[in-house]
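The values are calculated or read from the model by the stated rules, or taken from the named source; none is laboratory data. Every value quoted in this text rests on a predicted model; they were computed, and no experiment measured them. Cβ coordinates were reconstructed from backbone atoms using ideal geometry, including for glycine residues, and neighbour counts include every protein chain displayed.
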Amino acid sequence: MKTALVHDWLLTIGGAEKTLEAIYQIYPGPIFTLLADKKKLEFSSLKQAPIYTSFLQKFPLVKKWYRYYLPFYPLAIEEFDLRNYDLVISSSHAVAKGVITHDSQLHICYCHTPMRYAWHLHHQYMELLEFKGLKRKLANLIFHYLRLWDVSSALRVDYFIANSKATAARIKKYYGKEAHVIYPPVDVGNFKPYTKKEDFYITISRLVPYKRVALIVQAFAEIPERRLVVIGEGPEYHKLLGIAPTNVELLGYLSPQVVKDYLQKAKAFIFAAEEDFGVVMVEALACGTPVIAFAKGGAKEIVKESETGILFPEQSVTSLKEAIRHFEKNQDRFDITTLRKKAESFDISCFQKKFKDFVENKIS
């Protein structure tokens, strides 16, 4: 079967892109995406794939300001001509699932989340972005249009696969469709447990509002005797630089090998977002590093309280600080073998077998 892969954009290498890479290794084919920065694919097998981008690729400063072109996303994704392919696999957290296919094609969508800024995190985004007056009314109008398009385009998908139970529940709520859960792939073999932990905490994230990295930085501002390392890039980088105290290091983008080294040596990994899954939490466990995470979304499916990490109930500085205190009182009780075993249940080989079995079943 001729296969086409569709992805929202290839501008960073995060969990969604690693999932696309694992799918590409099973079903190699051209990749259709709104935007691509091939320099960011240097360490990925995706650099070998034929990559086709939309008309947005020619827009000014689009790689930096692509979020501001959001109203054009539905039109751009619908312009891809996929009629010559038998199987279409979309990897979607925004609009990739909205490609147009005909009735003799099979379209399977691996959904990382329904468009979070249009649905469950909409009001949080509006608040964090501090949109007011006419700007807020215009944003609400755009998102109203996007929600209508998002629901209607979900009808174009033959089968949904969700990356977690939390995402499956959202697909059911917003689209009225059932989704089969297959946890995303983690290259567990690429990480080694490390016993000689150093005296610092770490968070690794795209620096965007819903990741709540600012909350983590604010918490460490109130515990100056504790050290935090922040790795990642994004539109909030300069804002975080402005509020970061001396015990917080913002390192920006680092190569995968350097990131892994930090992750292995950290005493704990901190995650404050309401995430759909959270691959980096599994990578931390694979390194023998416990996780301190907000108790909602995918974290509840990865972190077992007092066994592989600590869950805190509120996205607040107070709640996070209390979780850190609780961790430090009990950190000697976390067993590296237990952490590693939990990580192995999400290994890339498990994902690829389950994904291929699902697709082959639907083809037959």
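For segment 135-176, a residue qualifies if it is in a loop (DSSP other than H, G, I, E, B) and surrounded by fewer than 16 Cβ atoms within 10 Å (Cβ to Cβ), and the qualifying residues are Leu155, Asp158, Gly176.
Within segment 59-85, if we keep just the residues that are out of contact with any helix residue (DSSP H, G or I) (no Cβ under 9 Å at 6 or more places or on another chain) and at pLDDT 95 or above, the residue that is surrounded by the fewest Cβ atoms within 10 Å (Cβ to Cβ) turns out to be Asn84. Among the residues of segment 59-114, the one identified as farther than 22 Å from Asn361 by Cα, out of contact with any Ser or Thr (no Cβ under 6 Å at 6 or more places or on another chain) and small (Gly, Ala, Ser) is Ala94. Among the residues making up segment 222-280, none is part of a loop (DSSP other than H, G, I, E, B), closer than 23 Å to Leu121 by Cβ, among the aromatic types (Phe, Trp, Tyr) and more than 15 Å from the chain's Cα centre (by Cα).
For segment 180-214, residues that are within 20 Å of Ala118 (Cα to Cα) and among the hydrophobic types (A, V, I, L, M, F, W, C) total 2.
Where helices (runs of 4 or more DSSP H) fall wholly inside segment 12-106, the ranges with 1 or more residues that are assigned by TED's automatic domain parsing to the domain that holds Ser164 and polar (S, T, N, Q) are 15-26.
A quick yes/no check of all residues on (1) touching a helix residue (DSSP H, G or I) at 6+ places or on another chain (Cβ under 7 Å); (2) without any contact (Cβ under 8 Å) to a residue 60 or more places away in the chain; (3) more than 16 Å from Ala166 (Cβ to Cβ); (4) not basic (Lys, Arg):
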| residue | (1), (2), (3), (4) |
| --- | --- |
| Val229 | yes, yes, yes, yes |
| Val258 | no, yes, yes, yes |
| Ala268 | yes, no, yes, yes |
| Met281 | yes, yes, no, yes |
| Gly309 | no, yes, yes, yes |
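Summed over segment 308-333, residues that are among the β-branched types (Val, Ile, Thr) and over 11 Å from Ala293 (Cβ atoms) total 3. The helices (runs of 4 or more DSSP H) located wholly in segment 285-364 that include 3 or more residues which are over 30 Å from Thr3 (Cα atoms) occupy 299-302, 317-330, 336-344. Within segment 46-56, at least one residue is at pLDDT below 95 and within 18 Å of the chain's Cα centre (by Cα).
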